[in-house]
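K.L.:
Below you will find the structure I want to go over with you.
What follows draws every value from the coordinates through simple rules; no lab data is involved. Since this is a predicted model, take the numbers as computed values, not measurements. Cβ atoms come from the backbone with ideal geometry, glycine included; neighbour counts cover every protein chain shown.
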Amino acid sequence: MSEGKDRRIRRKVRRSYLISTISIALVLFMLGVVSYVALSALTAAADLRGRVTVSVEVADSLTDSRHEAIREAIMAMEECGSVAFMSKDEKIADEAFRGQFEIDLDLLLGENPLRDSYEVTLDANRASREDVENFAREVAELDDVEYVAVPPVEVVERMHTTITHISFGLLIFLGVLLIISVVLLNNTIRLAIYSKRYLINTMKLVGATKWYIMRPLLASALKQGVVAGIIAGAMVAGIVYGTEMVKPEGLSMLALREVGTIIAMQLVLGVVITVGFSAVAVNKFVNMKSNKIYLY
C-alpha cells in the first residue's frame, strides 16, 4: 500500500515537473518569436533604406581621368554609400533592362541611345527625401553630368514609416509579454517549490544546512531551465526555417548569427528565471518556521 502511494506521489511530481517545464518552454518560445518578428521588421526597414539608388548619367566619350574625377566627387558626398559604373553597352545588353521596352532600341534608332552612368546607392542613414533631393541637386551641378534619375523616395519613406510603427508596436508588446511571462513563470516555479515545502521542513528538522537543502533544488531548476530553453530554441529554429522556405522574393530576414543570438538568449533567460525564482522560493521556505509551513 505504501509502495503504491509512493509511486503515485512520484508520478505527480514528474507530471508537475513536466508541466512546469513545458509552460516555461512555451513562454520562452513566445518571447523568441516576438523578438524574431520585431527584429525582422527593423531589418526590413533598414534594408529598404539601403536600397535607394540614384542613376547619374554622364556625357559620352569622357576620358578615364574625367570618369575618375566624377566618381571621386560623387563618393565624397555625405549621402553616398557605394558607387558602381555601368556603361551604355552593359545597359543595352542587360536582359532585365531590355525587358522594360516592347522594342529593341538599338534596332529602332540604329545605335545605342543610352549613356554611361554611375549607379549610386545612398547611405541608409541619409536616404530621406531631403537627402535624396540635396544629393541629386549637387550631382547635377557637376560638369559632364547629363541627367540624374531619382527614385520615388516617397514610397520608400511610407514603407519605412509603416514598418517602424509596426516594429515599435511589437517592441511594446514584447515588453508587456515579458512582464506577464515573468509573473506567470514566478507563480509556476513557486507552486513547484510549494509542493516540496514538507520535504524542505523535514530536512531542516534533521539538521540539514541551508545550502544542503537548496543545492539539489537549484540543480533541478537549472536543468529545467536548460531543457525549457532548448525546447523553445528548437521551436524558434523550426519557425525560422519554415519562414525562410516561404518568404517572398527579395525579402531580407535575420542573419543566422542574429537568430542564434535569440536562441541563446532564450536559453540564458530560461536558466536565469528558473534558478532565480527557485532560489527565492526555496529560501523563503527554508527560513520559515516549522509551525508556519503547516499553516501556509
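K.L.:
What FRET efficiency would be calculated for the residue pair residue 162, residue 215, taking the C-beta separation as r and a Förster radius of 51 Å, to the nearest 0.05?
P.N.:
Efficiency, from the Cβ-Cβ distance: 0.45.
K.L.:
If each of residue 272 and residue 17 carries a label point 7 Å out from its Cα toward its Cβ, how far apart are those two points in nm?
P.N.:
So the two model labels end up 2.6 nm from each other.
K.L.:
Run the simple label-point estimate for residue 287 and residue 237 please: 7 Å along Cα→C-beta, distance reported in nm.
P.N.:
4.0
K.L.:
Calculated FRET efficiency, residue 146 and residue 78, Cβ-Cβ r, R0 35 Å, to nearest 0.05?
P.N.:
Efficiency at R0 = 35 Å is approximately 0.90.
K.L.:
Here is a further query. What FRET efficiency do you get for residue 66 and residue 46 if R0 is 45 Å and r is their Cβ-Cβ distance, rounded to the nearest 0.05?
P.N.:
According to the calculation, E is roughly 0.80.
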